[in-house]
Amino acid sequence: MATVPAVKQFSDRVNRIEISATMAVVAEAAKLKAGGADLVEFGAGEPHFATPQHIKDAAIHAINNDCTKYTAVAGVQDLRNALVRRHAVDLGSMYQPHECMVSTGGKLALFNAIQVLVDHGDEVIVPVPYWVSFKDIIEYAGGKCVFVETAESDNFRLTPEMIERQITPRTRAMIINSPNNPSGAVLDPADFSAILRMAHKRGIYVIADECYVYLNFTPRRFSAGSVMDVKQHLVIIGSLSKTYAMTGWRLGYALAPAPIIGAMTKLQSQSTSSTAHMVQMAGLAAVTGPQDCVDKMKKDYVLLGELILGHLKLIPGITCVKPEGAFYVYPNISGLLGRGGVNTPAEFAKRLLHEAHLATVPGEGFGTHEHVRISYATRQSELDRGIERLRSFVSSL
Ligand SMILES: Cc1ncc(COP(=O)(O)O)c(C=O)c1O
């Protein structure tokens, strides 16, 4: 019988990447839930708040007014106008609407930016811990991640010197995410400005992931966009997901020089085309409507963060740095590894999910080996239930 030659099933580029660690947890948790488990979810990074009513109403109104067709790939003009205005007013930037592109989530804006800037063999500097998708999106583009370790003992602080040490002739870009997912670290504005100027001087692009820019708990909210003289090498990634509790709507944007926006729009024209029209109209209502919902939600996150930190401190074997933004804590569980057959954060998170029905994300997906990420964007009663489960799981080890 003739033998069938072995055929490669998938492309090299898709074989280079893995499924997002957070999405994997969400899928595993959903399976347990479908089987009837009463889960507490500290896994997915999404607000527990409902999308504010005026935003929902705008989408319903848009549907009833037939905003149900394709739009321009980069988004409807009114929304692009409103996004750059909101950014200028709140964060001190100065972009024109043609320097703004709307995407199906900040994640797609980031994906597009990396695909148009990074070529095979290009190096991209990524501070650790990093958001799960940075590494795989860069590798999908053929780029090489150059990791910069930050020290937990220094609150995961990133400095210009740390970055400078990793620059080589192949460095094409760096991704700076502040406030940071998963650590909650917020980059000092002076350090951030110095990083931007250093990169600009050398012709290196900074991709500033500012999806949590409104969830900055320090006294000074800061966007890279306020540093005007580096604009030529800056791409800002923004998102309405966390700011307005709109994760499922899939609405994000990029701000960048017109040629970069043009290239990203060309790429998007060959993939998703425009974001859904009614979603864009909901986004328009979000950024032009009352903003008190943003501050109200932020106040709740601050409170929840303090609560969970207080609880974690009381669990023997766990230490935790105080976050300065976003809605995550990144506890160090090294004091528990080696106990009860648990040797890695991945094993810890897996057993915590299956034995205690508490979903968290293991640190390996964020580039560290002693942590789990907890999203505390949840109701206080859920937070209490989750902490109780964590406490009793830890004492069972
Ligand atoms: C750091 C960071 N960047 C980007 C995103 C993407 O957000 P979205 O695609 O929902 O706008 C997320 C979502 O969790 C994130 O944590």
Legend entry - Options V118, V126: the member that is under 25 Å from E161 (Cα atoms), in contact with a Gly (Cβ under 9 Å, 6 or more places away or on another chain), aliphatic (A, V, I, L, M) and within 16 Å of the ligand (Cβ to nearest atom): V126
Legend entry - F49 in contact (Cβ under 8 Å) with a residue 12 or more places away in the chain, aromatic (F, W, Y), assigned to a loop (DSSP other than H, G, I, E, B) and within 16 Å of the ligand (Cβ to nearest atom): yes
Inset, instruction - Could you please find all residues in segment 217-242 being within 13 Å of the ligand (Cβ to nearest atom) and surrounded by fewer than 24 Cβ atoms within 10 Å (Cβ to Cβ)? - result: S241
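A quick yes/no check of all residues on (1) closer than 30 Å to A82 by Cα; (2) modelled with pLDDT under 95; (3) part of a loop (DSSP other than H, G, I, E, B):
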residue: A285; (1), (2), (3): yes, no, no
residue: C293; (1), (2), (3): yes, no, no
residue: G305; (1), (2), (3): no, no, no
residue: L309; (1), (2), (3): no, no, no
residue: P316; (1), (2), (3): no, yes, yes
Legend entry - Matching residues, segment 243-258, being part of a loop (DSSP other than H, G, I, E, B), away from the ligand (no atom under 12 Å from the Cβ) and among the hydrophobic types (A, V, I, L, M, F, W, C): A256
Inset, instruction - Could you tell me whether G365 is outside any loop (DSSP other than H, G, I, E, B) and small (G, A, S)? - result: yes
Legend entry - Conditions (1) within 16 Å of the ligand (Cβ to nearest atom); (2) hydrophobic (A, V, I, L, M, F, W, C); (3) within 19 Å of I195 (Cα to Cα); number of the one not met by V146: (1)
Inset, instruction - Please tell me if A88 is without any contact (Cβ under 8 Å) to a residue 24 or more places away in the chain and either within 16 Å of the ligand (Cβ to nearest atom) or of a type in the set (A, V, I, L, M, F, W, C) (or both). - result: yes
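The values are calculated or read from the model by the stated rules, or taken from the named source; none is laboratory data. Note that the coordinates shown come from a computational prediction; the quantities given were computed from them, not determined experimentally. All Cβ positions, even for glycine, are placed from backbone atoms using ideal geometry, and neighbour counts span all protein chains on display.
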